[in-house]
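Heads up: the structure comes next, in structure tokens.
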Amino acid sequence: MLFIRTDDLKPGMRLAKPIYNKLGVMLYDRDTRLTRQGIESIRNFELIGIYILEPAEPVPPLSDEDIAFEQFQTISMFQLRDCMDMIRKGRQPDKLPTLVSSILSQYGRLDHKLNFAQNLRSSADYVYKHSISVAILVAMLTHQLNMPDDFQQTCVTALLYDFGWLLVPTELAEKTDPLTEEDEKKILACRIKSLDYLNPQTHSIKLSPDALRIITQFITLSAPEEAADPSKIFRSSGTKLLQVADAFDRMTAMSLTNEPISEIVAMKYLQEFPEKYDTKIVRALSLCIHILPRGACVDLSNGEKAMILEDNPEDYSKPLILQFTNNEIFDLRDPHIYDIIQIQDIMKTMDNRIAIDENTLKHFTSDKYIKAVADRFRKRQNQAAATAAAEPAPKKKAARKKLV
């Protein structure tokens with residue numbers, strides 16, 4: 001798979017990912033061969049580039065949920081862009097309630113882990129795509145943490161928190177060199193200025209006071225003097241959720257100016273700074289999205305490569321793995337093994353998807369010995385899950401104001 005800039009597209013190239021219009025209608029499916037007319041259409045979509053399959057490369061597998069997720073991101077991105085355009089004009093973003101409801105209905109009640117694959121981002125659409133991804137993560141996190149419905153809606157509405165980046169001068173927003181202290185002050189000033197646009201007392205926008213408080217606190221904590229020691233500053237639950245989702249998406253998203261890190265490396269980073277990234281929320285994140293799914297190929301701390309035979313829902317870092325060099329199985333839940341072998345990173349495809357070795361997985365799971373080991377691993381996992389489910393569930397906090 002190759003990333004090709006729009007200006008370099010040629011007739012006959014095959015699409016690696018589908019292309020949708022702003023209404024979510026698929027215009028070009030995967031494996032479609034580009035024509036001159038198709039290339040011109042892509043340029044009209046203002047896409048800076050697309051993923052192309054190499055000549056002999058098969059179409060990568062995508063589940064129906066993966067395809068639906070990409071489609072949803074596209075539709076939501078255009079809706080949010082319209083909302084933010086209205087806010088810049090000082091007008092009420094009428095589509096915002098519908099957008100928030102759509103995110104909550106799709107991902108605020110999800111009962112299984114999601115393959116969280118973000119779209120490629122350019123400087124022109126980064127704010128919209130990033131904000132939508134963060135809102136989806138927040139919707140899943142609030143559900144996972146058993147938070148009240150009204151609090152879920154408040155937190156997802158806070159997706160407007162990154163609006164201030166649209167006020168940053170283009171030359172500064174697209175700067176590739178390291179930002180100077182003066183640059184950071186100018187950016188922070190623009191983000192603080194955005195609060196005026198979102199304040200019902202200064203503009204006609206009808207934003208809930210709770211959502212505005214979350215946004216205000218998040219931006220305020222971005223100031224260097226505030227970020228120096230976050231453990232000494234009160235942060236609301238909504239702000240904590242936003243901080244975890246924002247950091248995770250920024251680190252793992254693919255853009256033209258940013259080399260992303262893998263989900264597992266991002267999770268390690270979040271866990272390294274519990275004073276800034278709430279431990280319970282980071283833990284909840286690992287239960288919402290696939291970090292090390294079954295079939296993923298990984299790099300080990302002993303220099304070897306391996307494949308995940310069975311994931312571990314309770315602790316993603318300790319799955320059942322198969323080391324390629326000697327076909328040996330390791331259960332990383334065993335503390336003696338885990339002291340010697342840990343998973344360092346995960347192998348990714350060009351479009352930042354987890355590399356899944358389906359053929360190898362089928363081959364090895366048919367082996368009687370390996371199948372028996374995997375069955376025992378799953379049985380212990382199911383027993384642990386049943387024990388956890390039998391314990392009394394934590395009570396929901398009834399008062400939203402205590403959360404916000």
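The values are calculated or read from the model by the stated rules, or taken from the named source; none is laboratory data. Small disclaimer: the values here were computed from a predicted structure and weren't measured. Backbone-built Cβ (ideal geometry, glycine too); neighbour counts: all protein chains shown. Just so you know, the surface numbers come from the protein's heavy atoms only, side chains and all, with ligands and any DNA or RNA stripped out. Shrake-Rupley method; radii C 1.70, N 1.55, O 1.52, S 1.80 Å.
A few points about this structure:
- The requirement of being open to solvent by 10 Å² or more (accessible area, probe 1.4 Å), at pLDDT 90 or above, out of contact with any helix residue (DSSP H, G or I) (no Cβ under 9 Å at 6 or more places or on another chain) and outside any helix (DSSP H, G or I) is fulfilled nowhere in segment 379-393; no residue meets it.
- Pairs where the first residue, in segment 109-120, is open to solvent by less than 60 Å² (accessible area, probe 1.4 Å) and of a type in the set (A, V, I, L, M) and the second is modelled with pLDDT of 90 or more and part of a loop (DSSP other than H, G, I, E, B), C-beta under 9 Å, 6+ apart: Leu114/His290
- Pairs are defined by a Cβ separation below 9 Å, a sequence spacing of at least 6 or placement on different chains, a first member in segment 170-190 that is closer than 13 Å to Ser222 by Cα, and a second member that is of a type in the set (Lys, Arg) and surrounded by 14 or more Cβ atoms within 10 Å (Cβ to Cβ); no pair meets this definition.
- The residues in segment 311-327 that are farther than 24 Å from Tyr269 by Cα and not in a loop (DSSP other than H, G, I, E, B) can be counted, and the count is 2.
- For His336, the conditions (1) modelled with pLDDT of 90 or more; (2) open to solvent by less than 50 Å² (accessible area, probe 1.4 Å) are fulfilled apart from (2).
- Residues of segment 194-215 satisfying the condition of being assigned to a helix (DSSP H, G or I) and loosely packed, with under 14 Cβ neighbours inside 10 Å: Asp196, Pro209
- Condition broken by Gly303, with the remaining ones in (1) under 30 Å from Gln383 (Cβ atoms); (2) open to solvent by 10 Å² or more (accessible area, probe 1.4 Å); (3) small (Gly, Ala, Ser) satisfied: (1)
- Search result, residues across segment 191-219 that are of a type in the set (Asp, Glu) and in contact (Cβ under 8 Å) with a residue 24 or more places away in the chain: Asp210
- Count - residues of segment 5-35 that are open to solvent by 30 Å² or more (accessible area, probe 1.4 Å) and of a type in the set (Val, Ile, Thr): 3
- For segment 173-193, a residue qualifies if it is in a helix (DSSP H, G or I) and under 15 Å from Ala124 (Cβ atoms), and exactly one does: Ala173.
- Qualifying residue in segment 88-98 (condition: in contact (Cβ under 8 Å) with a residue 60 or more places away in the chain, under 30 Å from Thr142 (Cβ atoms) and open to solvent by less than 20 Å² (accessible area, probe 1.4 Å)): yes
- Evaluating Ile48 against the criteria (1) within 23 Å of Val134 (Cβ to Cβ); (2) without any contact (Cβ under 8 Å) to a residue 60 or more places away in the chain; (3) of a type in the set (A, V, I, L, M, F, W, C) leaves one unmet condition, (2).
- Residues of segment 139-160 satisfying the condition of being out of contact with any Phe, Trp or Tyr (no Cβ under 7 Å at 6 or more places or on another chain), more than 18 Å from Gln79 (Cα to Cα), assigned to a helix (DSSP H, G or I) and of a type in the set (A, V, I, L, M): Leu141
- Of all residue pairs spaced 6 or more apart or on separate chains, those with beta-carbon atoms under 8 Å, a first member in segment 67-78 that is farther than 13 Å from Ser131 by Cα and among the charged types (D, E, K, R) and a second member that is open to solvent by 10 Å² or more (accessible area, probe 1.4 Å) and outside any helix (DSSP H, G or I) are Glu70/Lys17; Glu70/Pro18; Glu70/Tyr20; Glu70/Ala117; Glu70/Asn119.
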